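Chemist: I have a structure I would like to understand better, so I am pasting it below and will then ask my questions one at a time.
The values are calculated or read from the model by the stated rules, or taken from the named source; none is laboratory data. This is a predicted model, so every value here is computed, not measured. With ideal geometry, Cβ positions are generated from the backbone for all residues, glycine too; neighbour counts draw on all protein chains shown. Note: areas computed on protein heavy atoms with side chains; ligands, DNA, RNA excluded. Shrake-Rupley method; radii C 1.70, N 1.55, O 1.52, S 1.80 Å.
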Amino acid sequence: MPGTRGPAPVPPPLPVADTASTTQKVLDLLSSTPEIKTDEALPGVQQQDVKAALDRLASRAMVEYDTKESERVLLTKEGALIAASGSHEFKVWEAVKSKGRLPMKELGNEVGESAGVGQGKAMRNKWIKKEGEFLVSVVESVQDTARELLAQIQESKATPDAKTLADLKKRKLVTVGKVISYVARKGPKYAREIPVEVTDITADMLASGAWQTANFKPYNFKALGGGQNPGALHPLNKVRAEFRNIFFNQGFVEMPTNHFVDSGFWNFDALFVPQQHPARDMQDTFFISDPPRADRPRPDPHAEEAMAAMEESSRKLFAEPTPRPTKPRNYQEYWDGVRAVHEKGAFGSIGYRYNWSEDECLRLVLRTHTTAISTWVLHRLAEDPRPARYFSIDRVFRNESVDATHLAEFHQVEGVIADFGLTLGGLMKFLEDFFSKLGIEDLRFKPAYNPYTEPSMEIFGYHIGLGKWVEIGNSGMFRPEMLEPMGLPPNMRVYGFGLSLERPTMIRYKVSNIRELLGHKVDLKFVEEQPAVRFDKN
């Protein structure tokens, strides 16, 4: 059916409270009595309108008032219906009485929704009884006490005793609500009318001197300003910024981490992870189907440019009078070295001794750790082996079941320290100092196994909210099987540590479920209200 042309209908405006009228009523009432109770004196006025009028007068010292809170018993929709038209059991008795004998199957047609509850209640009251398939009346008249009680409550807003209240609340016939009322009295500047008030000084008032006798409207310093709805950093970003500051203050250089998708070579094989390792199964890794295969290791101009820019300032601090010669990277030699150390062993290792597959090595994956980036950076460091510190903070992906402490997508804080003469005790001391700057003093180290580090340690911190020790990172010293194929000298040692960003954030902000911190269940109010992170010692 075609529509009619014409202007769109405009709904009528919502009624606006006449606060000025309520204000005048308060002043008029106080002219003949020292104080008024607003719930009695202004029964038809909404509570918020009364409050606005009293605040308007109180800001001018014309009235003073106290707030009174009380509980009132209020009827629910069903309770109000019973008070108006009778209880369910009364309706059933009335229908049976009027029919003489009423078939039970027709009771619903006669009394509607009251049939189920009302029949049982009327039979317990011995108002009706069954005779075969019929209901018949037992008494000639009844007293509907339920209706009388609810009508009384509707008028008095109270129940006779606590037991009655509990019974009616259980039957969902009444609720208990909080009622706010006010007791108002005259203030020091009381008057029957609000005097004319000036809000701004004008040039004419200054010229004539009228400003000296004008009645200025007082400022309300207690009034709240309008909500600004400002942007807010997520707690993860606050902690991430604090992590970065700690790294920069300790001489670390940030690594480029824009490779969310990487090849199995950088993510697994170059790290001396065997191709049959469980971490490569579909249970732990997200594999990319298109394209089905990555290129062999080769130069990456974009990553090189980013890394050079990040290292520029650091190199200036350690600049030498005469630049040292560098050894250009040989990607084919690196490829062959990784293959050899897997298949038959090399650099003093017997390797894994299996048939290494190039196709498996070049499968594309969503990176499971940012150590894939560290591997590329260490291979780059082999051009000019020297003491160096690198870090990165970015997202990694694991095909894991989501629970209170695990997500399929999370952030990893990756750190690498390369130097000569490093020991495991030095790594433990570094981690203790690092986490002390985050306010986590008590650490525990647990021996662990990683294919690419030996020795290896898991790092635990105590979570006050969960009431237990939570793993917050993994660490170790990179194996020669990983470092020497890159071309790094045999006497160079490298610390590697991968830390969680989410779990220290949970400890800092006392969050017990990681899904409340990251994901679709995050409460934006939680993000807005969290204070800036401070890891300073108390």
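Chemist: Could you tell me which residue of the stretch 348-369 is surrounded by the most Cβ atoms within 10 Å (Cβ to Cβ), considering only residues that are in contact with a Phe, Trp or Tyr (Cβ under 7 Å, 6 or more places away or on another chain) and assigned to a loop (DSSP other than H, G, I, E, B)?
Modeler: Residue satisfying both the conditions and the ranking: Arg367.
Chemist: Here's something else I'd like to know. Within the stretch 3-42, track down each residue that is at pLDDT 55 or above, more than 24 Å from Pro195 (Cβ to Cβ) and exposed (fewer than 11 other Cβ atoms within 10 Å of the Cβ).
Modeler: Result: Glu40, single match.
Chemist: Restricting to the stretch 482-518, count the residues that are assigned to a helix (DSSP H, G or I), open to solvent by 10 Å² or more (accessible area, probe 1.4 Å) and either outside the structural domain of Glu333 (by the TED database) or farther than 21 Å from Pro274 by Cα (or both).
Modeler: 6
Chemist: Could you tell me which residue of the stretch 394-424 is modelled with the highest pLDDT, considering only residues that are surrounded by 17 or more Cβ atoms within 10 Å (Cβ to Cβ), within 14 Å of Leu518 (Cβ to Cβ) and aliphatic (A, V, I, L, M)?
Modeler: Val396
Chemist: Sticking with this one: Test Leu236 against the criterion of being closer than 30 Å to Arg72 by Cβ, open to solvent by less than 80 Å² (accessible area, probe 1.4 Å) and in contact (Cβ under 8 Å) with a residue 24 or more places away in the chain, and give yes or no.
Modeler: When the stated conditions are applied, Leu236 does not pass them.
Chemist: To continue, here is another question. Look through the stretch 381-393, keep the residues that are within 19 Å of Ala306 (Cβ to Cβ) and surrounded by fewer than 18 Cβ atoms within 10 Å (Cβ to Cβ), and return whichever of them is modelled with the highest pLDDT.
Modeler: Initial filter on the stretch 381-393 (within 19 Å of Ala306 (Cβ to Cβ)): 381-384, 388-393.
So of that shortlist, the ones also surrounded by fewer than 18 Cβ atoms within 10 Å (Cβ to Cβ) come out as 383-384, 389.
On the way: Glu383: 88, Asp384: 86, Arg389: 92.
Top of the filtered list is Arg389.
Chemist: Let me ask another. Within the stretch 233-241, does at least one residue satisfy the condition of being over 30 Å from Pro34 (Cβ atoms), polar (S, T, N, Q) and in a helix (DSSP H, G or I)?
Modeler: Taking every residue of the stretch 233-241 in turn, at least one turns out to be over 30 Å from Pro34 (Cβ atoms), polar (S, T, N, Q) and in a helix (DSSP H, G or I).
Chemist: Considering only the stretch 266-275, I want to know if a residue exists there that is open to solvent by 70 Å² or more (accessible area, probe 1.4 Å) and either hydrophobic (A, V, I, L, M, F, W, C) or assigned by the TED database to the domain that holds Phe347 (or both).
Modeler: No, the stretch 266-275 contains no residue that is open to solvent by 70 Å² or more (accessible area, probe 1.4 Å) and either hydrophobic (A, V, I, L, M, F, W, C) or assigned by the TED database to the domain that holds Phe347 (or both).
Chemist: Let me ask something additional. Considering only residues that are small (Gly, Ala, Ser) and modelled with pLDDT of 90 or more, which ones fall in the stretch 426-438?
Modeler: The first filter runs over the stretch 426-438 and keeps only residues small (Gly, Ala, Ser), leaving 426, 436.
Within the stretch 426-438, Gly426 is the sole residue that qualifies.
Chemist: Wholly within the stretch 80-164, which strands (runs of 3 or more DSSP E) include no fewer than the required count, namely at least 2 residues that are open to solvent by less than 40 Å² (accessible area, probe 1.4 Å) and more than 30 Å from Ser70 (Cα to Cα)?
Modeler: 101-103, 134-137
Chemist: Another question about this same structure. For a quick check of your reading of the model, give me the residue pairs whose first member lies in the stretch 467-479 and is assigned by the TED database to the domain that holds Lys446 and under 17 Å from Asp442 (Cβ atoms), whose second is surrounded by fewer than 20 Cβ atoms within 10 Å (Cβ to Cβ) and of a type in the set (Asp, Glu), with beta-carbon atoms closer than 8 Å and at least 6 apart or on different chains.
Modeler: Partner pairs satisfying both residue conditions: Glu471/Glu458; Gly473/Glu458; Ser475/Glu458.
Chemist: So, one more: Of the residues that sit in the stretch 445-473 and are part of a loop (DSSP other than H, G, I, E, B) and either closer than 12 Å to Gly496 by Cβ or not hydrophobic (A, V, I, L, M, F, W, C) (or both), which one is modelled with the lowest pLDDT? Don't jump to the end; show me each part of the working.
Modeler: First, pick out the residues of the stretch 445-473 that are part of a loop (DSSP other than H, G, I, E, B): 451-452, 464-467.
From what's left, either closer than 12 Å to Gly496 by Cβ or not hydrophobic (A, V, I, L, M, F, W, C) (or both): 451-452, 465, 467.
Details: Pro451: 87, Tyr452: 90, Gly465: 65, Gly467: 76.
Going through the qualifying residues, I end up with Gly465.
Chemist: Then there's this: Look through Lys186, Lys178 and report the one residue that is open to solvent by 50 Å² or more (accessible area, probe 1.4 Å), touching a residue at least 40 places away in the same chain (Cβ under 8 Å), over 30 Å from Glu89 (Cα atoms) and over 46 Å from the mean Cα position of the chain (by Cα). Explain how you work it out, then say what you get.
Modeler: On the way: Lys178 fails: over 46 Å from the mean Cα position of the chain (by Cα).
Among Lys186, Lys178, only Lys186 is open to solvent by 50 Å² or more (accessible area, probe 1.4 Å), touching a residue at least 40 places away in the same chain (Cβ under 8 Å), over 30 Å from Glu89 (Cα atoms) and over 46 Å from the mean Cα position of the chain (by Cα).
Yes/no matrix, rows are residues, columns are (1) more than 13 Å from Phe268 (Cβ to Cβ); (2) of a type in the set (S, T, N, Q); (3) in the same structural domain as Asp284 (by the TED database):
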residue: Arg363; (1), (2), (3): no, no, yes
residue: Thr368; (1), (2), (3): no, yes, yes
residue: Pro387; (1), (2), (3): yes, no, yes
residue: Phe397; (1), (2), (3): yes, no, yes
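Chemist: Report whether or not Ala372 is at pLDDT below 90, of a type outside the set (Asp, Glu), surrounded by 15 or more Cβ atoms within 10 Å (Cβ to Cβ) and outside any loop (DSSP other than H, G, I, E, B).
Modeler: So Ala372 fits the description; yes.
Chemist: For the stretch 184-199, enumerate the residues that are farther than 19 Å from Ala52 by Cβ and of a type in the set (S, T, N, Q).
Modeler: none
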